[in-house]
Amino acid sequence: MKEKIIGYDVIDFLTKSLALRFKLNGKDFTHVIGIARGGMIPATMMSYIFNAKLLSYDVSSYEGTERGDIEINQDIDLDSIGKDSKVLVIDDICDSSKTMQHIKEKIGKTRYKSVRYVTLFARENTKHVVDHHGVTVKEGTWLVFPWEN
């Protein structure tokens, strides 16, 4: 598998580009849910850009580079978010789509006024799972994020 090293400059660019896309389309958010661990840096940035409350949901499905079952490490009280809320859920990558499918099922379709699911990167075969993504990643490429070095 070919490794591609991603720098903080790319994370910054993609996060701000996605935020600009939302703003230009009149989208605003009251809450940002970062999928820990990889989604927390873009989630923090988005929460500042939209002046939104930042929440963390820590779920993992990897041990090193091996995919496993979903494990919830830090849950989130979704009932504490008001029904009129506009929520942005963000992660670094939609890889196998297990994490994003899990959180989409957990939130459901009618819990909030609006929910957007976003990743900075998405694989060709999983990009349909998210509403928006920054870059499509080809199969056979393993991304190494700056916080993993």
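Select from segment 1-32 the residues that are touching a helix residue (DSSP H, G or I) at 6+ places or on another chain (Cβ under 7 Å) and in contact (Cβ under 8 Å) with a residue 60 or more places away in the chain and write down the one among them that is most open to solvent (accessible area, probe 1.4 Å).
TYR8
Looking only at segment 129-149, count how many residues are at pLDDT 95 or above and within 30 Å of SER80 (Cβ to Cβ).
7
Since GLU66 meets every condition but one in (1) within 13 Å of the chain's Cα centre (by Cα); (2) of a type outside the set (S, T, N, Q); (3) modelled with pLDDT under 95, which condition does it not meet?
The failed condition is (1).
Could you check segment 1-33 and list, in sequence order, the residues that are part of a strand (DSSP E or B) and either on the phi > 0 side of the Ramachandran plot or among the acidic types (Asp, Glu) (or both)?
GLU3
Which one of these does VAL115 not meet: (1) open to solvent by less than 20 Å² (accessible area, probe 1.4 Å); (2) in contact with a helix residue (DSSP H, G or I) (Cβ under 7 Å, 6 or more places away or on another chain)?
Every condition holds for VAL115 apart from (1).
Tell me yes or no: at least one residue of segment 79-102 is closer than 14 Å to VAL32 by Cβ, hydroxyl-bearing (Ser, Thr, Tyr), buried (at least 18 other Cβ atoms within 10 Å of the Cβ) and within 11 Å of the chain's Cα centre (by Cα).
No: segment 79-102 contains no residue that is closer than 14 Å to VAL32 by Cβ, hydroxyl-bearing (Ser, Thr, Tyr), buried (at least 18 other Cβ atoms within 10 Å of the Cβ) and within 11 Å of the chain's Cα centre (by Cα).
Can we say TYR48 is free of Cβ contacts under 8 Å to residues at least 60 places away in the same chain, of a type in the set (Ser, Thr, Tyr), out of contact with any Cys (no Cβ under 6 Å at 6 or more places or on another chain) and open to solvent by 20 Å² or more (accessible area, probe 1.4 Å)? Working first, answer last.
Details: free of Cβ contacts under 8 Å to residues at least 60 places away in the same chain: yes; of a type in the set (Ser, Thr, Tyr): yes; out of contact with any Cys (no Cβ under 6 Å at 6 or more places or on another chain): yes; open to solvent by 20 Å² or more (accessible area, probe 1.4 Å): yes.
Yes, satisfied.
Which condition number in (1) farther than 18 Å from ALA36 by Cβ; (2) in contact with a strand residue (DSSP E or B) (Cβ under 9 Å, 6 or more places away or on another chain); (3) open to solvent by 10 Å² or more (accessible area, probe 1.4 Å); (4) without any contact (Cβ under 8 Å) to a residue 40 or more places away in the chain is the one that ALA122 fails?
Tallying (1) farther than 18 Å from ALA36 by Cβ; (2) in contact with a strand residue (DSSP E or B) (Cβ under 9 Å, 6 or more places away or on another chain); (3) open to solvent by 10 Å² or more (accessible area, probe 1.4 Å); (4) without any contact (Cβ under 8 Å) to a residue 40 or more places away in the chain, ALA122 fails exactly one: (3).
The values are calculated or read from the model by the stated rules, or taken from the named source; none is laboratory data. All figures in this text were calculated on a predicted structure; none of them were measured in a lab. As a convention, Cβ positions derive from the backbone with ideal geometry for all residues, glycine included, and neighbour counts pool all protein chains shown. These area figures cover heavy atoms from the full protein model, side chains too; ligands, DNA and RNA do not enter into them. Shrake-Rupley method; radii C 1.70, N 1.55, O 1.52, S 1.80 Å.
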